[in-house]
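Have a look at the structure below before the remarks.
FYI, it's all coordinate maths here, none of it is from the lab. Everything quoted here is computed from the prediction, not taken from an experiment. Reconstructed Cβ throughout: ideal geometry from the backbone, glycine too, with neighbour counts over all protein chains shown.
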Amino acid sequence: KDPVSGRMQIVRFFETNDAIFDCTWNEMNENQLASACGDGSVKLWDLQTKDAFPIQSYHEHMQEVSSVDWNVVSKRSFLTASHDGTVKLWDPTSPRSLRTFQEHAQTLYNAVWSPTHPSSFISCSGDGTVKIWDINQPMSAATIPAHRGEVLAVDWNKYDPFKFVTGGATTDPRVKVWDLRQPQIPVEMAGHRFGIRRIKCSPHDEFTIASCSYDMSVCIWRTNREDALSMPYEHHSEFVFGIDWNLFRPGEIASASWDEHVCVFNINRPPPNRIPPPPRKPGMAPPLR
């Protein structure tokens with residue numbers, strides 16, 4: 001942030017030939033990040049390079065890459081999930097993926113490493129299921145039917161290794177909290193009107209969850225309360241497709257939207273101002289309302 005105005009500043013930017021659907025920091029190098037691209041590629045960038053090109057480009061997925069996640073425990077590898085129905089395991093020093101996981105019947109939307117176990121991850125899919133994996137095993141360890149219709153988002157609880165959360169598509173736009181010890185009885189929370197695009201458990205509070213949706217809102221949930229929906233934020237004017245918590249500032253969260261804005265705000269302070277919709281470009285369809 002600018003020390004005088006408090007506004008966010010661009011440190012570095014890179015241009016790509018297609019949309020970027022997700023990105024993640026390299027857990028072993030603070031200057032590097034990986035991006036998941038719409039052309040099926042995964043690119044590794046370094047903030048200290050003098051040119052605008054990636055230092056590595058991996059292109060094995062046959063369709064767009066929907067998520068990328070770095071292993072926060074081992075720090076040596078990352079995962080990508082793709083619309084081609086596969087999850088791939090990568091080592092940034094290798095030009096090819098180390099392994100491909102292919103059991104889901106439809107599009108993969110998310111693959112997320114366990115925050116406590118170096119070889120475990122979870123994935124969610126358009127086939128309505130969530131799968132638990134161990135990269136040292138030949139097949140998934142568990143398959144859980146999670147939502148009616150597609151499961152668009154998944155994340156692990158950062159404090160309880162048995163718990164995770166999911167977000168469903170518009171056919172079932174609820175947040176569900178699961179316990180692997182009793183997967184038949186999830187806690188269900190309603191609040192979004194359309195599909196939940198991303199869901200993130202707080203790194204600072206085991207009971208706090210953030211979700212964002214195609215209904216243009218960000219919701220904060222407190223699972224230890226009877227009325228779990230703590231606060232709906234409606235500052236964006238288009239679909240909200242990305243959220244994440246600040247690891248170093250409790251309560252601070254960033255949301256990204258089709259309204260061409262990233263908004264950084266703190267859930268313990270007054271809500272951010274409403275962001276006006278972007279100007280319509282020639283030939284664009286009118287925004288959904």
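A few notes on this one:
- Scoring residue 28 on the criteria (1) on the phi < 0 side of the Ramachandran plot; (2) free of Cβ contacts under 8 Å to residues at least 40 places away in the same chain; (3) of a type outside the set (Val, Ile, Thr) leaves a single failure, condition (2).
- Residues of segment 26-46 classified as assigned to a loop (DSSP other than H, G, I, E, B) and surrounded by fewer than 19 Cβ atoms within 10 Å (Cβ to Cβ), total: 8
- Filter result for residue 207 (of a type in the set (A, V, I, L, M, F, W, C) and crowded, with 17+ Cβ neighbours inside 10 Å): no
- Lone unmet requirement of (1) in contact with a Phe, Trp or Tyr (Cβ under 8 Å, 6 or more places away or on another chain); (2) surrounded by fewer than 24 Cβ atoms within 10 Å (Cβ to Cβ); (3) outside any loop (DSSP other than H, G, I, E, B) for residue 235: (3)
- When residues of segment 150-164 are limited to those that are within 14 Å of the chain's Cα centre (by Cα) and more than 12 Å from residue 206 (Cα to Cα), the one surrounded by the most Cβ atoms within 10 Å (Cβ to Cβ): 151
- Residues in segment 210-232 that are buried (at least 19 other Cβ atoms within 10 Å of the Cβ), of a type outside the set (A, V, I, L, M, F, W, C) and either part of a strand (DSSP E or B) or in contact with a Cys (Cβ under 8 Å, 6 or more places away or on another chain) (or both): 2 in all.
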